[in-house]
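Student: Let me give you the structure first, and then I'll get to my questions.
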Protein chains: 2
Amino acid sequence: MALRFALVIEPAASDDPRTDFDDTFRAIDPSAPALSVGELSTQRGDGIFESIGVVDGHPQETQAHLERLAHSAAICDLPAPHLEQWRRAVEIAATHAPQRGEGVVKLILSRGVEHGPAPTAWATAAAAADNTVAREQGIRVVTLDRGYGIDTPAKAPWLLLGAKTLSYAVNMAAIREAHRRGADDAVFVTSDGFVLEAPTASLIVRIDGRFVTPAPNGGILHGTTQLSLFAHLASEGFETGYATLPTRSLKDADAAWLVSSVRLAAPITAIDGMDVPVDAGLTASINRYLLSPRD
Amino acid sequence: MALRFALVIEPAASDDPRTDFDDTFRAIDPSAPALSVGELSTQRGDGIFESIGVVDGHPQETQAHLERLAHSAAICDLPAPHLEQWRRAVEIAATHAPQRGEGVVKLILSRGVEHGPAPTAWATAAAAADNTVAREQGIRVVTLDRGYGIDTPAKAPWLLLGAKTLSYAVNMAAIREAHRRGADDAVFVTSDGFVLEAPTASLIVRIDGRFVTPAPNGGILHGTTQLSLFAHLASEGFETGYATLPTRSLKDADAAWLVSSVRLAAPITAIDGMDVPVDAGLTASINRYLLSPRD
């Protein structure tokens, strides 16, 4: 959806003692030229981001997103973001998302202009796409090799595998490959046969009544929606857990979902052409939870 | 170095019959805002690029760079670039690089603005950094695991490993890791022990008098400087060749270089702390060749 709002942010040092950051923000026309061609975000995909769901004007799970932004910054040797500054940017941007229905606030922290003095940053707000079909009718996925082994991320932190960087060309290519194969989305697996995540979502499977997601051991993002949903499911008495999940175990799933901040829970109807049962009642209940105001 | 010039390009279809593309170009102030925050280059690192060396105003190896741009576009499902349009953009940009000494022209083709109608593109010109020290005194490198096996690129084209994409966060992180280890640059190797390339350069080693570079089998870029240099070396009577090069074979090198379009040939003085002999005379001769006008 077209952007409704953009806010250029002058990043504050993480120990800046100010409590009011409004003079570090500058609202701009989101379709107008705003970034120079020397931006390292655009030249090198060198920066990090977060996408925050907004429901009826309320930004969801802001704290978890800000903590992940800080985690990504640390992995990428970017200056630590001042979380109160970013929290305020989220608040402002969310007032420009739809105040009824669903929206999305996106945060971007770039390494800045090449040879420039400082990082650059901005936030945007937009209406969300209509994800009703994915939530209600489900999605077909294919597994795609992410190219590395399950033990690679821990051994090679320069691969930035646990950071949400702007270098997402591979994630976008994987979704195009899924479409070429007649599916809606992809699930990355390691070359030695373990499940990772989707290009823009976390995977949750239910096996023998237990909700399981791949352990975020450095190779995948820790999904904010997955975290929130696991807390909810646990409070409802369900068993949840993290596991090193072999790809072959997907055939044992009696339900599976991709969950993310904007599409929320999309039930998986088929993996690599093999049908997966859909628990429509539970899925509807999960999405009701995910659409309720959450901090 | 600060950009001296930027040219926004309205990409023509590859079969556009025009011969004059000058009205598809718009020169802009390179430090002024030019790109909207909705740009997929900046949001997703979703685009491709080329960096072309310019010597005394002459863009080097333009045709090879344009062919690689087209190759990257095909891998990334981007519209095929109109090579004559891009060639003209290179010509124009090169007139804004230093006309004495060294410069760089950079080409960028982005997937465009999210939900927008078309790709966006631009070219920039700048003076080159002074690379004399690297060329004359050499560089120390460390090998870093690229995380995948030698046979992965052929099996998983969605990893875009042969494309020069804007998603270069990992390449930049590898250079930072090399600096942390007290080296100047990195050489990526596969997790199963084969040599690939540097984050922004090709590796050439001389073993038993033969010049060898890792075979560009889909997992690495085919270096334009390496290509040109091999043709030159062959014309001088040297033996050159492509090989699947085990990492352990690096210890047999009696000389080694990283070669790229702007830094040109930087002799390697040490790999992982192990000294590598430097052939200073040959290196000087190679850089004289690389600084001569080449098409």
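Student: Going by what's in this entry, would B:D130 be described as touching a strand residue (DSSP E or B) at 6+ places or on another chain (Cβ under 7 Å) and more than 8 Å from chain A (Cβ to nearest Cβ)?
Tutor: No: the conditions fail for B:D130.
Student: Could you please find all residues in region A:235-245 being farther than 30 Å from A:H58 by Cα and either of a type in the set (S, T, Y) or outside the structural domain of A:V187 (by TED's automatic domain parsing) (or both)?
Tutor: Answer for region A:235-245, where residues must be farther than 30 Å from A:H58 by Cα and either of a type in the set (S, T, Y) or outside the structural domain of A:V187 (by TED's automatic domain parsing) (or both): just A:T244.
Student: A further question follows. Looking at B:L290, B:L233, can you tell me which residue is within 18 Å of B:V133 (Cβ to Cβ) and not in a loop (DSSP other than H, G, I, E, B)?
Tutor: Just a single option satisfies the conditions, and that option is B:L290.
Student: Right, A:D295: in contact with an Asp or Glu (Cβ under 9 Å, 6 or more places away or on another chain) and exposed (fewer than 13 other Cβ atoms within 10 Å of the Cβ) or not?
Tutor: Spelling it out, A:D295 is indeed in contact with an Asp or Glu (Cβ under 9 Å, 6 or more places away or on another chain) and exposed (fewer than 13 other Cβ atoms within 10 Å of the Cβ).
Student: Ok, one more. When region B:190-212 is examined, which residues are found to be over 13 Å from the mean Cα position of the chain (by Cα) and in a strand (DSSP E or B)?
Tutor: Once the filter is applied, which keeps residues that are over 13 Å from the mean Cα position of the chain (by Cα) and in a strand (DSSP E or B), region B:190-212 yields B:F194, B:V195, B:I204, B:V205, B:R206, B:I207, B:R210, B:F211, B:V212.
Student: If a residue must be facing chain A (nearest Cβ under 7 Å) and surrounded by 21 or more Cβ atoms within 10 Å (Cβ to Cβ), how many such residues does region B:173-185 contain? Don't jump to the end; show me each part of the working.
Tutor: The first filter runs over region B:173-185 and keeps only residues facing chain A (nearest Cβ under 7 Å), leaving B:173-174, B:176-177.
Next, only the ones that are surrounded by 21 or more Cβ atoms within 10 Å (Cβ to Cβ) stay: B:173-174.
Matching residues across region B:173-185 total 2.
Student: Taking A:A163 as meeting all but one of (1) more than 11 Å from every other protein chain (Cβ to nearest Cβ); (2) touching a strand residue (DSSP E or B) at 6+ places or on another chain (Cβ under 7 Å); (3) assigned to a loop (DSSP other than H, G, I, E, B), write down the number of the exception.
Tutor: (1)
Student: Regarding B:R87, is this residue charged (D, E, K, R) and at the interface with another protein chain (Cβ under 8 Å from one of its Cβ atoms)?
Tutor: no
Student: If you go through region B:246-270 one residue at a time, how many are crowded, with 22+ Cβ neighbours inside 10 Å and either more than 15 Å from the chain's Cα centre (by Cα) or in the same structural domain as B:V104 (by TED's automatic domain parsing) (or both)?
Tutor: Number of matching residues: 4.
Student: Can you spot a residue in region B:24-41 that is in a loop (DSSP other than H, G, I, E, B), without any contact (Cβ under 8 Å) to a residue 12 or more places away in the chain and hydrophobic (A, V, I, L, M, F, W, C)? Can you show your working first?
Tutor: Start the filter on region B:24-41 by keeping residues that are in a loop (DSSP other than H, G, I, E, B), which leaves B:29-34, B:36-38.
Still in the running and without any contact (Cβ under 8 Å) to a residue 12 or more places away in the chain: B:32-33, B:37.
Imposing the further condition that a residue be hydrophobic (A, V, I, L, M, F, W, C) reduces the set to B:32, B:37.
So far as region B:24-41 goes, yes, one or more of its residues are in a loop (DSSP other than H, G, I, E, B), without any contact (Cβ under 8 Å) to a residue 12 or more places away in the chain and hydrophobic (A, V, I, L, M, F, W, C).
Student: Of all the residues that make up region B:52-64, how many are surrounded by fewer than 20 Cβ atoms within 10 Å (Cβ to Cβ) and of a type in the set (S, T, N, Q)?
Tutor: 1
Student: Quick check on region B:26-48: of everything there that is within 25 Å of B:R100 (Cα to Cα) and of a type in the set (A, V, I, L, M, F, W, C), which residue is farthest from the other protein chains (Cβ to nearest Cβ)?
Tutor: B:A27
Listed here are the residues, each with its yes/no results for (1) modelled with pLDDT of 95 or more; (2) assigned to a strand (DSSP E or B); (3) under 15 Å from the mean Cα position of the chain (by Cα).
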| site | (1), (2), (3) |
| --- | --- |
| B:E136 | yes, no, no |
| B:V141 | yes, yes, no |
| B:S167 | yes, no, yes |
| B:A174 | yes, no, no |
| B:A183 | yes, no, no |
| B:F188 | yes, yes, yes |
| B:G219 | no, no, yes |
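Student: With the checklist (1) at pLDDT 95 or above; (2) assigned to a loop (DSSP other than H, G, I, E, B) in hand, flag the one item A:T225 doesn't pass.
Tutor: With (1) at pLDDT 95 or above; (2) assigned to a loop (DSSP other than H, G, I, E, B) applied to A:T225, the lone miss is (2).
Student: So if I check each of B:L69, B:L78, which one is in contact (Cβ under 8 Å) with a residue 12 or more places away in the chain, out of contact with any Phe, Trp or Tyr (no Cβ under 8 Å at 6 or more places or on another chain) and either in a helix (DSSP H, G or I) or within 14 Å of another protein chain (Cβ to nearest Cβ) (or both)?
Tutor: Working: B:L69 fails: out of contact with any Phe, Trp or Tyr (no Cβ under 8 Å at 6 or more places or on another chain).
Answer to the selection: B:L78.
Conditions tested, residue by residue: (1) among the polar types (S, T, N, Q); (2) under 18 Å from the mean Cα position of the chain (by Cα); (3) over 19 Å from A:T120 (Cβ atoms).
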site	(1), (2), (3)
A:L7	no, no, no
A:F25	no, no, no
A:L35	no, no, no
A:D46	no, yes, no
A:E61	no, yes, yes
A:A64	no, yes, yes
A:A70	no, yes, no
A:A74	no, yes, no
A:P79	no, no, no
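The values are calculated or read from the model by the stated rules, or taken from the named source; none is laboratory data. These figures come from a predicted structure and were not determined experimentally. All Cβ positions, glycine included, derive from the backbone under ideal geometry; neighbour counts span all protein chains shown.
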